1. Name the residues in segment A:191-208 that are surrounded by 15 or more Cβ atoms within 10 Å (Cβ to Cβ) and either under 22 Å from the mean Cα position of the chain (by Cα) or outside any helix (DSSP H, G or I) (or both), would you?
2. Yes or no: residue A:83 at pLDDT 85 or above and in a helix (DSSP H, G or I)?
3. Are any of the residues in segment B:167-176 crowded, with 22+ Cβ neighbours inside 10 Å and within 7 Å of another protein chain (Cβ to nearest Cβ)?
4. Only residues that are within 16 Å of residue A:98 (Cβ to Cβ) and free of Cβ contacts under 8 Å to residues at least 40 places away in the same chain: list them for segment A:51-74, please.
5. Do we find that residue B:120 is out of contact with any helix residue (DSSP H, G or I) (no Cβ under 6 Å at 6 or more places or on another chain), within 20 Å of residue A:27 (Cα to Cα) and more than 7 Å from chain A (Cβ to nearest Cβ) in this structure?
6. Which members of segment B:41-88 meet the condition of being away from chain A (no Cβ under 12 Å), assigned to a loop (DSSP other than H, G, I, E, B), out of contact with any helix residue (DSSP H, G or I) (no Cβ under 7 Å at 6 or more places or on another chain) and in contact (Cβ under 8 Å) with a residue 24 or more places away in the chain?
7. With the requirement that a residue be surrounded by fewer than 17 Cβ atoms within 10 Å (Cβ to Cβ), at pLDDT below 85 and in contact with a strand residue (DSSP E or B) (Cβ under 9 Å, 6 or more places away or on another chain), what does segment B:84-122 give you?
8. Looking at (1) within 20 Å of residue B:195 (Cα to Cα); (2) in a helix (DSSP H, G or I); (3) more than 7 Å from chain A (Cβ to nearest Cβ), can you tell me which one residue B:109 breaks?
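The values are calculated or read from the model by the stated rules, or taken from the named source; none is laboratory data. Values in this document were obtained by computation on a predicted structure and should not be read as measured data. Neighbour counts run over all protein chains shown; Cβ positions are idealised from the backbone, glycine included.
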């Protein structure tokens with residue numbers, strides 16, 4: 001190969017075609033390296049943005065902490081007021097924002113890629129709604145609280161995912177089929193939640209309402225640890241499966257032709273995605289539109305099929321930024337983060353509907 | 001791809017029955033692909049052409065009979081091992097938005113990679129070769145979305161080539177292409193067959209292109225084998241009427257010498273040669 005490098009420069013002789021193939025391979029390798037580099041740079045920039053936003057939401061806002069104070073608090077120093085706010089409120093809250101963002105971002109992108117449709121995120125097809133309906137049911141009918149509600153949310157999300165999957169599976173899993181079945185489920189669950197809320201007393205209803213918009217206001221270390229533990233298992237699983245996702249994205253037939261066991265792989269991906277969405281919802285409620293927004297944003301950032309890791313980072317940045325804004329937009333009031341992400345999601349949904357229709361396929 | 005395996009793989013269907021739900025589309029069909037040759041499956045709409053190809057590519061589970069790859073039931077073989085022997089171009093595939101040509105073709109390397117074995121220089125060489133053969137090297141870093149229909153189809157063929165398989169199955173590789181691009185794609189497939197001895201089976205709609213490019217024609221009617229063999233022996237006015245319900249005359253293609261079907265409709269039949277519709281009339 002080393003001798004042919006020079007021969008390849010001259011367009012004559014028999015060695016030319018062999019070295020041309022070699023140089024083409026090298027050019028491809030270089031192109032791949034360049035793509036990976038540019039993606040790493042963008043992922044790095046996102047990670048940096050997440051770190052900065054994390055610092056901003058811990059240090060600034062309704063209660064400002066200086067950097068030296070912050071580190072001395074971490075070191076164990078007791079600063080009246082500040083210690084409590086940083087350790088019991090701000091830190092777990094920022095951590096929850098990161099975790100919930102990663103969970104929703106990856107879950108949304110798994111579903112959107114698998115079903116080849118940006119509308120197919122778990123919040124649109126009713127999986128997140130299944131989790132919150134189940135949580136509200138537990139609160140209103142059974143007076144559940146704390147971990148029991150989270151458990152109900154996870155069970156509800158997975159239950160609805162399974163129901164959608166099995167209903168849509170009969171007669172092939174075309175992308176739109178699953179989405180339409182999911183939207184129908186979401187509508188039924190919506191009606192159920194509304195019914196339950198009319199039956200609940202005011203205080204319970206207010207508590208239940210958090211489960212319908214998504215909020216980080218009641219973040220605690222316990223919740224963050226629970227969610228973190230779940231993600232420690234789910235995120236690596238999703239990253240390993242993302243290889244199959246890349247192939248399923250080519251269509252069932254093409255994937256099967258490449259040796260992917262389509263049904264098993266898809267079921268594994270749906271299960272992982274549904275778990276990610278359900279545990280995130282169980283921790284913070286269905287933070288509106290985050291699952292739905294991350295994939296398209298990541299796609300715009302890299303100009304190609306987004307990686308799950310990148311979508312997770314976008315989610316972390318999105319939730320951190322939205323939560324900080326929601327907490328500080330109106331002085332004295334801490335809005336639920338879902339109000340803000342929901343407001344952000346609506347125009348993007350419209351824009352996607354228009355651009356998807358124009359190109360005739362999921363962008 | 002340069003070193004063709006000594007013994008080409010064989011693929012055959014033994015009294016295979018295929019269908020969707022309760023509906024039988026292919027019924028007890030036995031057919032073997034001649035190794036190292038180009039087979040073309042033709043038939044009227046709904047005759048089971050694509051279904052047969054999907055069955056051969058193990059995309060459909062037969063409700064009866066079996067598909068044998070090198071004499072072994074294809075369903076008993078690991079899916080990834082099969083993908084190292086059989087490449088597939090599905091009907092009208094849709095690329096993921098924004099993906100580059102090199103990335104898309106690179107996914108053809110999956111059957112050669114393990115869960116933890118990542119990209120190797122060998123993979124780059126295979127992709128480069130696939131792009132070179134299909135004349136798409138110049139687009140390597142372009143987005144597939146930007147390409148024309150003919151270029152895109154060549155890229156999908158490159159994806160199947162990057163798989164480096166003995167057998168290549170193509171489901172209507174010329175649909176949605178204008179006539180010049182149809183010829184371009186079929187010439188490319190012929191190059192592959194001649195250059196590396198790849199066994200090719202494809203579904204085509206155009207009977208005349210099928211007759212020109214096939215060594216072996218497989219003619220289906222209502223899910224059963226109506227005829228098979230070299231085009232010159234198979235394509236007759238009688239068969240065309242039987243299978244397509246079309247009266248026609250068959251002349252020698254002035255360019256290729258292969259059979260050329262000239263349809264006889266109800267209009268514009270100024271100079272129907274004597275005895276032309278004979279097969280049909282009988």
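1. Once the filter is applied, which keeps residues that are surrounded by 15 or more Cβ atoms within 10 Å (Cβ to Cβ) and either under 22 Å from the mean Cα position of the chain (by Cα) or outside any helix (DSSP H, G or I) (or both), segment A:191-208 yields only A:200.
2. no
3. Checked against the condition, which is being crowded, with 22+ Cβ neighbours inside 10 Å and within 7 Å of another protein chain (Cβ to nearest Cβ), segment B:167-176 yields no hits at all.
4. Of everything in segment A:51-74, those that are within 16 Å of residue A:98 (Cβ to Cβ) and free of Cβ contacts under 8 Å to residues at least 40 places away in the same chain turn out to be A:51, A:52, A:55, A:58, A:59.
5. When the stated conditions are applied, residue B:120 passes them.
6. Result: B:47, B:48, B:63, B:70, B:71.
7. If the condition is that a residue be surrounded by fewer than 17 Cβ atoms within 10 Å (Cβ to Cβ), at pLDDT below 85 and in contact with a strand residue (DSSP E or B) (Cβ under 9 Å, 6 or more places away or on another chain), then B:92 is the only one that fits.
8. (1)
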